[in-house]
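Notes follow the structure.
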Amino acid sequence: QLQASGGGLVQPGGSLRLSCAVSGSIFSINAMGWFRQVPGKQRELVATITKGGSTNYADSVKGRFTISRDSAKTTVYLQMNSLKPEDTAVYYCNAGFSISTMRNGYWGQGTQVTVSS
């Protein structure tokens, strides 16, 4: 019900845009976001956007990543600029009732982002 796409291999300093499309019957979605995970570490929050359009970012990506959504609110994007090797991870999109409970909501399949020269 959440379909993520857009990952790939990019050189340091490059850009990628991830997309997450909502399909099917998903109810009570007031918050969407992106998380990332590297092997051996916990999944960490990257960015969130609420139904009202408020955004929030992890300190490590502020000023480089931008979360947005389309007007129909069925697709969420993560524009990633000035990518660094430490941004390498599997990125997951997430949707839920609220920012505080979204981890208990819906998850898309991961998409690999690799930043390497």
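Taken over the stretch 11-57, the residue count meeting the criterion of being open to solvent by 20 Å² or more (accessible area, probe 1.4 Å), assigned to a strand (DSSP E or B) and not charged (D, E, K, R) is 10. Being in contact with a Pro (Cβ under 7 Å, 6 or more places away or on another chain), of a type in the set (V, I, T) and under 27 Å from P39 (Cβ atoms) is a property that holds for V115. State whether one or more residues within the stretch 59-69 are open to solvent by less than 60 Å² (accessible area, probe 1.4 Å) and basic (K, R). Yes, because at least one residue in the stretch 59-69 is open to solvent by less than 60 Å² (accessible area, probe 1.4 Å) and basic (K, R).
Considering every residue within the stretch 7-20, establish whether at least one is closer than 13 Å to N94 by Cα and either among the β-branched types (V, I, T) or over 11 Å from the mean Cα position of the chain (by Cα) (or both).
No.
Output the residue which, of all residues in the stretch 70-83 that are assigned to a loop (DSSP other than H, G, I, E, B) and surrounded by 13 or more Cβ atoms within 10 Å (Cβ to Cβ), is modelled with the lowest pLDDT. Taking the candidates together, the pick is K73.
The values are calculated or read from the model by the stated rules, or taken from the named source; none is laboratory data. All of these numbers come straight from a predicted model, not from anything done at the bench. Methodologically, a virtual Cβ is constructed for each residue, glycine included, from the backbone with ideal geometry; neighbour enumeration extends over all protein chains shown. Accessible surface is based on the protein model in full, side chains and every heavy atom, while ligands, DNA and RNA are left aside. Shrake-Rupley method; radii C 1.70, N 1.55, O 1.52, S 1.80 Å.
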